[in-house]
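K.L.:
Below is the structure I would like to discuss, written out as structure tokens.
The values are calculated or read from the model by the stated rules, or taken from the named source; none is laboratory data. This structure is a prediction, so every number in the text was calculated from the model and none was measured. Ideal geometry is used to build each Cβ from the backbone, glycine not excepted, and the neighbour counts take in all protein chains shown.
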Amino acid sequence: MAGFWIRIVLYMLAIAGVSWLFAAIGNANSGWTVAVLFLGGWVIYHLFYLEKTMAWLEDFQLDRVPRGSGVWELLVAKIYRLAKSGERQRQQLAETLKDFRSATEAMPDGVVTLDEDNQILYANEQAEDQLGISTEKDAGRNLINIVRHPEFVSYLNSQSWDKAIVIRGIRSSNRVLQIQLIPYGTRQRLLMTRDITQIDRLETTRRDFVANVSHELKTPLTVLNGFLETLRELPLEEAQKTQYLGLMQVQAQRMQNIVEDLLVLSKLESTSAVTQEDSISMGAMLERLAHDARSLSREQHQVVVECEDSSILIGAEDELSSAFANLISNAIRYTPAGGTIGLRWAKNPDGSGSFSVTDTGPGIESQHLPRLTERFYRVDRSRSRETGGTGLGLAIVKHVATRHQAQLLIDSEVGKGSCFSLVFPEKRLRAQ
Ligand SMILES: Nc1ncnc2c1ncn2[C@@H]1O[C@H](COP(=O)(O)OP(=O)(O)O)[C@@H](O)[C@H]1O
Ligand SMILES: [Mg+2]
């Protein structure tokens, strides 16, 4: 700033000097005239640049800097630098905002930023989908007016947000969301939403499963206990004792079957896809299965084998043969004596291969079909038990199928019979 004043003082001195020179050479009047001319010129010069700078600032564009001179050049340069750094900061801010948005978009959870009155500032895509809002349309609107779920509204109004809450039925009746509000900054709020429908469903399945296993084991245990008590307390004849022991063994066997099937299931569940690559000749496999089927049926059913394709199936032989045997044992157990059981291996037009078991049994009503592979689901409980079923057979088959990228198809007509097929993708077949 000292330079500024020095320049002014120097300029004044120069005018004074020149005017004095004129006054000394000519008269006082010419001295004054020169002084007025120089001062006037000086004022006009500054007014000119003042106007130019004002015009620039009025319609400000960073890249249209007016040319200045002297202090005006310095002033314009200073303004330019300030504006430039402002611009840079704005750009940085915009960049940061963009980063923040793309980070929240990449998050699997929903994020909504709100002000203290719950007005929407921003919502990422997940939150838009989960809550049914849109940043574009709803920015500035009160979230409570859009998501009118009572539990949601009372949570937002509660002021006790240190714990997340679980809310069912926002937007769709079976969706389960975990929601937490986190205040931040001076007045802002962050609403985090997470879709936990799947986790909730798994948790329910797990609870049901534990209850079912307990129930399934409890029945034979109760019967066993009853017999044990009778044996201990009553003096029984030898023949009766033998009969009771036989009945007890049936119950013990039932428990053993259940536990064995559970162990098979848990083993299948613990690994995802099979890595074992046995080459299974389906012709030989069908013959073996038919032999076992006949002995299981005690020749009460007719077992028909059709091997229509010579392709070899690639997979885990032990798992697959147990899955096939499960389907066959169902067909035999549910089909009355005299019925026909068909075992078939064929190639489909799309290149996939089907193993199917058909029977002429009672068939299954269509409403049961989607649930048949659930653990312990049975259409006819007593029939299943009488024939030694555990209710886990089809669950095992389904798991083996999934592990081999195969599909289990069930086709059934009440009164006519059923057809259970395992369809293997082309990549699991190999020409002989
Ligand atoms: N071939 C079939 N014909 C009629 N019903 C069947 C047949 N296969 C399975 N089911 C029905 O599906 C239920 C589940 O089968 P599964 O999981 O193998 O258990 P289970 O041990 O009872 O056989 C059976 O209880 C039965 O009601
Ligand atoms: Mg079964």
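K.L.:
Only one of (1) without any contact (Cβ under 8 Å) to a residue 12 or more places away in the chain; (2) under 14 Å from MET192 (Cβ atoms); (3) surrounded by 14 or more Cβ atoms within 10 Å (Cβ to Cβ) is not met by VAL153, so which one is it?
P.N.:
The failed condition is (2).
K.L.:
Spot the failing condition for ARG175; the list is (1) out of contact with any helix residue (DSSP H, G or I) (no Cβ under 8 Å at 6 or more places or on another chain); (2) in contact (Cβ under 8 Å) with a residue 24 or more places away in the chain; (3) of a type outside the set (A, V, I, L, M, F, W, C), and only one is missed.
P.N.:
(1)
K.L.:
I've got another one for you. Filter segment 381-403 down to the residues that are under 22 Å from THR219 (Cα atoms) and either outside the structural domain of ARG333 (by TED's automatic domain parsing) or within 12 Å of ligand 2 (Cβ to nearest atom) (or both) and list them by number.
P.N.:
Selection gives ARG383, SER384, ARG385, THR387, GLY388, GLY389, THR390, GLY391, LEU392, GLY393, LEU394, ALA395.
K.L.:
Tell me which of these ASP109 doesn't satisfy, since it passes every other one: (1) free of Cβ contacts under 8 Å to residues at least 60 places away in the same chain; (2) surrounded by 15 or more Cβ atoms within 10 Å (Cβ to Cβ); (3) under 30 Å from GLN178 (Cβ atoms).
P.N.:
Every listed condition holds for ASP109 apart from (1).
K.L.:
Can we say GLU306 is modelled with pLDDT under 95 and either surrounded by fewer than 17 Cβ atoms within 10 Å (Cβ to Cβ) or not in a helix (DSSP H, G or I) (or both)?
P.N.:
When the stated conditions are applied, GLU306 does not pass them.
K.L.:
What residue, of ILE44, ILE79, is over 30 Å from LEU191 (Cα atoms), surrounded by 11 or more Cβ atoms within 10 Å (Cβ to Cβ), among the β-branched types (Val, Ile, Thr) and out of contact with any Phe, Trp or Tyr (no Cβ under 7 Å at 6 or more places or on another chain)?
P.N.:
None of the others qualify; the one that does is ILE79.
K.L.:
May I ask you to list the residues in segment 196-253 that are of a type in the set (Lys, Arg) and farther than 24 Å from GLY389 by Cβ?
P.N.:
Across segment 196-253, the qualifying residues are ARG201, ARG232, LYS241.
K.L.:
Can you list residue pairs whose Cβ atoms sit under 7 Å apart, with the first residue in segment 69-86 being over 14 Å from GLY3 (Cβ atoms) and the second being of a type in the set (A, V, I, L, M, F, W, C)? Count only pairs 6 or more apart in sequence or on different chains.
P.N.:
VAL76/VAL65; TYR80/VAL65; ALA83/LEU62; LYS84/LEU62
K.L.:
If I ask for residues that are modelled with pLDDT of 90 or more and hydroxyl-bearing (Ser, Thr, Tyr), which ones from segment 103-124 would you list?
P.N.:
Matches in segment 103-124: THR113, TYR122.
K.L.:
Only one residue in GLY353, GLY315 is more than 14 Å from ligand 1 (Cβ to nearest atom), in contact (Cβ under 8 Å) with a residue 24 or more places away in the chain, crowded, with 21+ Cβ neighbours inside 10 Å and within 30 Å of ARG206 (Cα to Cα), so which one is that?
P.N.:
Only one candidate qualifies: GLY315.
K.L.:
OK, next. Exactly one of these conditions fails for LEU409: (1) assigned to a helix (DSSP H, G or I); (2) surrounded by fewer than 19 Cβ atoms within 10 Å (Cβ to Cβ); (3) in contact with a strand residue (DSSP E or B) (Cβ under 7 Å, 6 or more places away or on another chain). Give me its number.
P.N.:
LEU409 satisfies all of (1) assigned to a helix (DSSP H, G or I); (2) surrounded by fewer than 19 Cβ atoms within 10 Å (Cβ to Cβ); (3) in contact with a strand residue (DSSP E or B) (Cβ under 7 Å, 6 or more places away or on another chain) except (1).
K.L.:
Within segment 330-344, how many residues are closer than 13 Å to VAL305 by Cα and surrounded by fewer than 22 Cβ atoms within 10 Å (Cβ to Cβ)?
P.N.:
Of segment 330-344, the ones closer than 13 Å to VAL305 by Cα are 340-344.
Next, from what is left, pick out any that are surrounded by fewer than 22 Cβ atoms within 10 Å (Cβ to Cβ): 340, 342, 344.
Matching residues across segment 330-344 total 3.
K.L.:
Looking at LEU268, LEU327, LEU263, which one is surrounded by fewer than 17 Cβ atoms within 10 Å (Cβ to Cβ) and within 16 Å of ligand 1 (Cβ to nearest atom)?
P.N.:
Checking each option against the conditions leaves just LEU263.
K.L.:
Okay, next question. With HIS399, HIS368 as the choices, which residue is crowded, with 16+ Cβ neighbours inside 10 Å, within 35 Å of the chain's Cα centre (by Cα) and of a type outside the set (Phe, Trp, Tyr)?
P.N.:
Within the list HIS399, HIS368, the selection yields HIS399.
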